[in-house]
1. What order do you get for 35-41, 274-280 when each peptide is scored by the mean count of other beta carbon atoms within 10 Å, highest first?
2. Ranked by accessible surface with a 1.4 Å probe, highest first, in what order do Lys156, Lys69 come?
3. Using Cα springs under 10 Å in a Gaussian network model of the chain, which residue among Ala345, Ala186, Ala147 shows the largest mean-square fluctuation?
4. Just give me a number: lysine pairs in the chain, eight or more positions apart or cross-chain, with C-alpha atoms less than 20 Å apart.
5. Whole-Hz ³J(HN,Hα) for each residue in the stretch 57-68, computed from phi via Karplus 6.51 cos²θ - 1.76 cosθ + 1.60 with θ = phi - 60°, x for glycine and proline: what do you get?
6. Taking the chain as a Gaussian network, Cα atoms linked when under 10 Å apart, which of Val296, Val273, Val13 shows the biggest mean-square fluctuation?
7. Using Cα-Cα distances under 8 Å and only pairs 6 or more residues apart, what relative contact order does the chain have, in percent?
8. If the viscosity is 1.306 mPa s and the temperature 10 °C, what Stokes-Einstein diffusion coefficient in µm²/s follows for the chain when Rh is the Kirkwood radius over Cα pairs?
Amino acid sequence: MSLSARLQPHHRVFAVFAIYAFGLGQIFPRLPDIKFAMGIEEGALGLALMGISVGTITALTLSTALVTKIGHRIAMLALVPAMALFFAIASFANDPLAFFFLLVPAGLCIGAVEIIINVEADRVEAGMDRRIMGRAHAFWSLGFFGAAAYSAIMVKFGITPQTQLMASIPICILLTWLCLQAFQPATIRATDSHDKPPIVAKPTFAIMVLVGVTLSSMLLEGASIDWTAIYMDSVFVAIPEMGAIGVATAALSQGMVRYFGDRFVDHFAPTRVARGMQTVMALGVITVFFAPDPLVALIGFALIGAGNAMMFPLAMSAAAQRTDRPAAINVAALAQFSFVTFLLAPPLLGFIAEHFGLRWTFGIGLPLIVLSFALSGALGSKSTKGTTKAASVPSDK
């Protein structure tokens, strides 16, 4: 019996989250080297990174019907290694325009995989009658931490980004096959249907409220992914591997909170947990903004990672558990419009970094945390005590 066949359904979900994040996380700790090789400033890099966002938004908008048709198993077996391949190819770009266009295919893979893994996590969660969405995203964070730690080692030994990313391709292929060859899609929810999903998942009012809840965490998570390594490299002229260590620190703290976060949600209710984490996230932003040295900055990144840990999983669960439409459509709608933040964030933060300083790429998140704090009541104010009841998102009916 293969390793994949021996895994429980929720363990396979955890595995795909981790493997996907490991492939995704290879390029971001190496952005300082890629930026230096292209000889560009932060603004141009931010525009180039939009290639990932454009691809992701496009896939989130158009790929639901396609992945439903070809099946989640085949899609994941193909898309996760393909994403690693496209990132490796993009690392050879010698100017920001080429970098932009070469990142688009990687973004297409990301968007399709995001739909699959979140729907699968929700369906398995429903079948188990206990929360696993937070732990599933914890394994995403741990996979990203693994990628950042691996990158730090590669930087330490002088391995080029191109060599590192090419070497990650066979690793992703092997891990994907070992863990997912016997993958079987989970039983669909009763609220799902076999009807052809719409090309564009139109957001309801309730979904747009959840978008507002995720806004600050999406922006700051994107800033941590895209700009932490460059922040550490430029603000402190730190040792080369310190940038990758900063990315790893945020991912590790995020993963640890996500792993245990479901238990807190069950006992203290989504809204209370969300607002507590938003307070921690705000403290992290302030710490990073005023950090006098790299070690203090690392504490700030750890707080940001811990603070944004449960926001997107909580919103995804709230969207998927609504009964007004099939879960796949609500998940796609939330993902599409939440990821608009990722589309707008790279050029916005790149412009801010170039003209106001890299500290402001994180400082700009404070007013958005206030907005998300105000809207977090949409996540539900009652503890679930181990059940997966739907969050009390306002109805637009």
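1. In descending order of packing, they fall as 274-280, 35-41.
2. On the way: Lys156 130, Lys69 175 Å².
If we order Lys156, Lys69 from most to least accessible, we get Lys69, Lys156.
3. Fluctuation is largest for Ala186.
4. Numbers: Lys35/Lys156; Lys69/Lys196; Lys202/Lys397; Lys389/Lys397.
Lysine pairs meeting both conditions in the chain amount to 4.
5. 4, 4, 5, 4, 7, 10, 8, 4, 5, 5, 5, 5
6. Comparing Val296, Val273, Val13 in a Gaussian network model of the chain, the most mobile one is Val296.
7. Details: 770 pairs, mean separation 104.2, N = 397.
Reported relative contact order: 26 percent.
8. Values: Rh = 20.6 Å.
Estimated diffusion coefficient is 77 µm²/s.
The values are calculated or read from the model by the stated rules, or taken from the named source; none is laboratory data. Quantities reported herein were computed from a predicted structural model and do not represent experimental measurements. No Cβ is skipped: glycine too gets one built from the backbone with ideal geometry, and neighbour counts run over all protein chains shown. In case anyone asks, the SASA skips ligands and DNA or RNA and just uses the protein heavy atoms, side chains included. Shrake-Rupley method; radii C 1.70, N 1.55, O 1.52, S 1.80 Å.
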